[in-house]
Amino acid sequence: MDFREWADDLSRWGATRARNVMLLDTVDSTHRCGRAVAAEALELDLTAWIFALRQRAGRGRLGRPWSSPAGAGVYASWVLRAPRASLATLPLLVGVGLCEGLGALGFGCGLKWPNDLQIGGAKVGGILLESRGRCDPAVVVASFGVNHSHRRSDLPAAGAASLALLDPGRLPKLSALTRVLAEAVEEELAGHGARHSWNPRHAVERYSAWTVHRTGDRLEVRSGDEVCAGEFVGFSAGGHLRLRTAAGERRFVAGEVAGRA
C-alpha cells in the first residue's frame, strides 16, 4: 500500500466530526500519539482522528503487542470529549459502531467481552480507551485496530484472523474500510449522546445485541490471578459481565474470557 495513495483517499474524507485529521506513514502507536494530542485537548477545545499506515509498537489491552504491518490494517485513534459518566460504557459503544461498520460491508461481526471484534470465532480487531485529566466532559483517546490484509504469518495469536483471510472476495480497499469504520463509530456515539443522553442502560442494550455470548454459556473469566468459572447470565447496567457460579453471582469489570465445554 502506497502512503500517498492512502493519504490522498483519506484526505478527501469530509464526513468526520473531528476538527483535525492526522495521517501518518509510520508511528510507534496511534494511541500514544493520541495521548499527546489529548494533553493539548485538556487546554484547547479540539478533537482529532489519528490514522497510521504502520505502527512500530502497536499495543492492545494489558500492553500486549498488536501486529501492525504497513498497509495491512486500520490503526486508528480518536481524541474526543465525552461526559465522565459515560466512560464505563463508552468502549461498548465503540465496539457496536465497529460492528455496524463491518456489517455494512458484509462482514458479520460480534463482540467478545470486553472489547474483541470476532468474525466466525476469530479475532479481527480490538479496542483500547483511556481518559485523560479530571475535567468533565472528559478527554478520551479511543483507539482500535482491525486486521485488513494481514497474512497468517503476521498474526501471532492462533485465534486471530484478518478480513482478507476470512473473505478475500469481499475485501474493501483499506482507505474505504478506514472511512466506514470511523464514520460508524462517530455515528454510534453521536446518536447515543443526542437521542439517549449517554444513558448507560441503552449502551448496554446496544452492546448486548452484538455480543457473541449467550445466556447459559459456560465461561471462564480470568481477572488478575483469579480464574472464575460459571454460566453467563448477561451484563449489568454498567456493562459488567455477570457470571452465575456455585458461590452465587459474580460481576466483572475487566478480565479475559474463555469458553468452556
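The values are calculated or read from the model by the stated rules, or taken from the named source; none is laboratory data. Fair warning: this is a prediction, and the values are worked out from it, not measured in the lab. Cβ atoms come from the backbone with ideal geometry, glycine included; neighbour counts cover every protein chain shown.
Tabulated data
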quantity: Hits in the stretch 138-176 - residues which are part of a helix (DSSP H, G or I), touching a Leu at 6+ places or on another chain (Cβ under 7 Å) and either free of Cβ contacts under 8 Å to residues at least 12 places away in the same chain or buried (at least 19 other Cβ atoms within 10 Å of the Cβ) (or both); calculated: Leu163, Ser175
quantity: Residue count, the stretch 25-58 (criterion: over 26 Å from Arg84 (Cα atoms) and buried (at least 17 other Cβ atoms within 10 Å of the Cβ)); calculated: 6
quantity: The listed residue being in contact (Cβ under 8 Å) with a residue 24 or more places away in the chain, under 27 Å from Gly259 (Cα atoms), over 11 Å from the mean Cα position of the chain (by Cα) and assigned by TED's automatic domain parsing to the domain that holds Ala184, out of Gly101, Gly97; calculated: Gly101
quantity: Condition check for Pro137: modelled with pLDDT under 95 and either touching a helix residue (DSSP H, G or I) at 6+ places or on another chain (Cβ under 9 Å) or charged (D, E, K, R) (or both); calculated: yes
quantity: Selected residue (criterion: nearest to Leu80 (Cα to Cα)) from residues of the stretch 1-18 that are loosely packed, with under 12 Cβ neighbours inside 10 Å and of a type in the set (D, E, K, R); calculated: Arg12
quantity: Enumeration of residues in the stretch 213-222 that are surrounded by fewer than 17 Cβ atoms within 10 Å (Cβ to Cβ) and either part of a loop (DSSP other than H, G, I, E, B) or touching a residue at least 60 places away in the same chain (Cβ under 8 Å) (or both); calculated: Arg214, Thr215, Gly216, Asp217
quantity: Residue in the stretch 113-137 that is nearest to Gly103 (Cα to Cα), counting only those that are of a type in the set (Gly, Ala, Ser) and not in a loop (DSSP other than H, G, I, E, B); calculated: Gly125
